[in-house]
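See structure below.
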Amino acid sequence: MQAVASFKRWLFRLYGPEAAPIRLSQRRVYVLPTRAGLAFPASLVLMLTGAINYNLSLGYALIFLLAGLGLVALLHTFRNLVQIEISPGRAEPVFAGDMAHFGLQLLNRRKQGRFAISLNLAGGKPVSTDLAADAATAVNLPLPAARRGWLRPGRVTLQTRYPLCLVRAWSY
């Protein structure tokens, strides 16, 4: 059990609280394909087999165009999360059984907007937001307060599947 905890700490760089603001660098953003992202290259392979079998020049063009589109979608999904700055906000006191709201401030310093960013606390409902170019956005993450006392929200997960839902980029 200790080995699993140390592996998770190494893999996700879980060394305790960090100083604010936290900037999502390239090493903190992970990218994996979704189900549609796994079906996409499989369908391209089937199309390529048909294009080879029937010697279709336009089939080759379409397949390579779609493969390039998939690679560009991967890049744009990654760039949608990288270099976002996260600062903590305020949390108001609540009674046991109510919904506690933890505030976060997201800052986008790029000249392009960032779209369809979903934030989630473990045990809470996800909240989606868009970030305008060169702007900051305040987000409140809900979490049920099951008991009295200090409530630790845990790790916040930021994720996006923008623009084509072929890949999922996320960060903790």
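Does the range 93-114 contain at least one residue that is in contact with a helix residue (DSSP H, G or I) (Cβ under 7 Å, 6 or more places away or on another chain) and under 17 Å from residue 29 (Cβ atoms)?
Yes.
If you check 146, 133, which single one turns out to be surrounded by fewer than 16 Cβ atoms within 10 Å (Cβ to Cβ) and either touching a strand residue (DSSP E or B) at 6+ places or on another chain (Cβ under 8 Å) or at pLDDT 90 or above (or both)? Steps first, answer last, please.
Working: 146 fails: either touching a strand residue (DSSP E or B) at 6+ places or on another chain (Cβ under 8 Å) or at pLDDT 90 or above (or both).
Every option except 133 fails the conditions.
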Count of residues meeting criterion [touching a residue at least 12 places away in the same chain (Cβ under 8 Å) and open to solvent by less than 50 Å² (accessible area, probe 1.4 Å)] in the range 43-53: 2
Which residue, of 78, 95, is under 29 Å from residue 42 (Cα atoms) and open to solvent by 30 Å² or more (accessible area, probe 1.4 Å)? 78
Between a residue in the range 149-172 that is closer than 12 Å to residue 117 by Cβ and open to solvent by 70 Å² or more (accessible area, probe 1.4 Å) and any residue that is assigned to a strand (DSSP E or B) and charged (D, E, K, R), which pairs come within a Cβ distance under 7 Å, given they are 6 or more apart or on different chains? 161/168
When restricted to 40, 64, the only residue farther than 28 Å from residue 142 by Cβ, free of Cβ contacts under 8 Å to residues at least 60 places away in the same chain and open to solvent by 40 Å² or more (accessible area, probe 1.4 Å) is 64
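Does residue 56 satisfy the criteria of being closer than 22 Å to residue 169 by Cβ and either among the aliphatic types (A, V, I, L, M) or open to solvent by 60 Å² or more (accessible area, probe 1.4 Å) (or both)?
no
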Select from the range 120-138 the residues that are under 21 Å from residue 169 (Cα atoms), in a strand (DSSP E or B) and without any contact (Cβ under 8 Å) to a residue 40 or more places away in the chain and list them in ascending order. 120, 121, 127, 128, 129, 130, 136, 137
Per the list (1) under 23 Å from residue 34 (Cβ atoms); (2) open to solvent by less than 30 Å² (accessible area, probe 1.4 Å), residue check on residue 126 breaks on (2)
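The values are calculated or read from the model by the stated rules, or taken from the named source; none is laboratory data. What you are looking at is a predicted structure, and each value in this text was computed from that prediction instead of being measured. Every residue, glycine among them, receives a Cβ derived from its backbone with ideal geometry; neighbour counts consider all protein chains shown. Just the protein is used for accessible areas: all its heavy atoms, side chains included, with ligands, DNA and RNA removed. Shrake-Rupley method; radii C 1.70, N 1.55, O 1.52, S 1.80 Å.
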